[in-house]
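Working notes, structure below.
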Amino acid sequence: MNRVNQNIFKTIKSKKSLAILIDPDKFDPSSVENLVTALPHQTDFILVGGSSVEEGETAVCVTALKKASQLPIILFPGSYQQIEPQADALFFMSLLSGDNPEYLIHQQRKSIDRILASTLEIIPTAYILIDGGCYTSVEKVSQTQGLSQDDIKYIVDTVMAGEFMGKSCVYLEAGSGADYPVSTEIVKAVKAVSSMVVIVGGGIRTIEQQKELYDAGADLLVVGTAFEQQIESL
Ligand code: 1GP
């Protein structure tokens with residue numbers, strides 16, 4: 001069975017989309033109905049994942065979300081233990097901005113048994129960490145640094161290395177809770193040469209930022225912290 005880039009990838013590719021990121025580590029199943037009700041009306045996907053998630057937390061989170069919402073769930077795992085068969089798809093990521101073999105290939109190899117035991121759609125994704133003005137959990141966990149936003153050529157060359165390795169998406173990541181998102185200049189520069197689907201996340205807090213990033217060429221935007229803060233304030 002070919003499970004790479006099926007329906008969910010085709011939907012992402014077909015229009016500008018918004019995903020809300022839910023971290024299983026911070027998820028409370030008893031308030032899932034409130035969470036789903038609070039999702040922005042234009043939400044297309046729910047992403048589930050985090051940097052420090054304990055075994056079993058992803059299953060609890062996906063089970064509750066599946067009961068409460070019809071939206072497709074895409075896994076955005078920080079480790080192979082977060083691969084949960086009840087989800088719909090998986091961003092199968094390699095952290096190409098750093099040189100830690102654990103996140104370039106080892107976690108990916110460890111994930112294969114779980115993936116083969118599921119029917120998850122696989123979306124091959126180049127994951128590029130870019131400096132968002134503060135030290136983020138992904139830097140801590142991966143022990144790699146974000147690329148400087150000033151070195152656009154280095155970023156674009158890294159993105160294109162991912163494309164020529166066969167990835168179909170690039171995730172330009174400023175890190176959860178970043179002070180500022182990946183710049184529109186970077187998104188434009190990537191879009192000018194890459195034919196991959198461009199995902200942008202980290203530090204996106206306002207509708208204006210979303211509009212600017214879409215206008216620059218982003219296909220899918222990911223919002224986590226701003227949604228968590230909105231839920232907390234309710
Ligand atoms: C993190 O890109 C996502 O991996 C979302 O970031 O939490 O800053 O929205 P925020």
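A short reminder: the numbers here are calculations on the coordinates, not readings from a lab. Model, not experiment: these values are computed from the prediction. Note: ideal-geometry Cβ built from the backbone for every residue, glycine included; neighbour counts use all protein chains shown.
Quick one: in region 187-205, which of the residues that are free of Cβ contacts under 8 Å to residues at least 60 places away in the same chain and within 14 Å of the ligand (Cβ to nearest atom) is nearest to the chain's Cα centre (by Cα)? Step through it out loud before you land on a result.
First, the residues of region 187-205 that are free of Cβ contacts under 8 Å to residues at least 60 places away in the same chain: 187-195, 198, 200, 204-205.
Add one more test, that the residue is within 14 Å of the ligand (Cβ to nearest atom), and what stays is 187, 198, 200, 204-205.
Numbers: V187: 16, V198: 11, V200: 8, I204: 13, R205: 16 Å.
My answer is V200.
Taking G162 and the conditions (1) buried (at least 21 other Cβ atoms within 10 Å of the Cβ); (2) within 16 Å of the ligand (Cβ to nearest atom), which numbered condition does it fall short on, given that it satisfies the others?
(2)
Does any residue in region 35-54 that is buried (at least 17 other Cβ atoms within 10 Å of the Cβ) come within less than 9 Å, Cβ to Cβ, of a residue that is charged (D, E, K, R) and not in a loop (DSSP other than H, G, I, E, B) six or more places away or on a different chain, and which pairs are these?
G50/D25; G50/K26; G50/E57; S51/D25; S51/K140; V53/D25
Are there any pairs, at least 6 apart or on different chains, whose C-beta atoms fall under 9 Å, with the first in region 128-140 and on the phi > 0 side of the Ramachandran plot and the second among the basic types (K, R) and within 12 Å of the ligand (Cβ to nearest atom), and if so, which?
So the pair list comes out empty.
Would you confirm whether or not region 133-140 contains a residue that is surrounded by fewer than 19 Cβ atoms within 10 Å (Cβ to Cβ) and touching a strand residue (DSSP E or B) at 6+ places or on another chain (Cβ under 9 Å)?
So in region 133-140, the residues surrounded by fewer than 19 Cβ atoms within 10 Å (Cβ to Cβ) come out as 133-135, 137, 139-140.
Subsequent filtering for residues that are touching a strand residue (DSSP E or B) at 6+ places or on another chain (Cβ under 9 Å) retains 139.
Looking through region 133-140, at least one residue is surrounded by fewer than 19 Cβ atoms within 10 Å (Cβ to Cβ) and touching a strand residue (DSSP E or B) at 6+ places or on another chain (Cβ under 9 Å).
Take I105 and decide whether it is in a helix (DSSP H, G or I), away from the ligand (no atom under 14 Å from the Cβ), under 19 Å from the mean Cα position of the chain (by Cα) and aliphatic (A, V, I, L, M). First the steps, then the outcome.
Details: in a helix (DSSP H, G or I): yes; away from the ligand (no atom under 14 Å from the Cβ): yes; under 19 Å from the mean Cα position of the chain (by Cα): yes; aliphatic (A, V, I, L, M): yes.
So I105 fits the description; yes.
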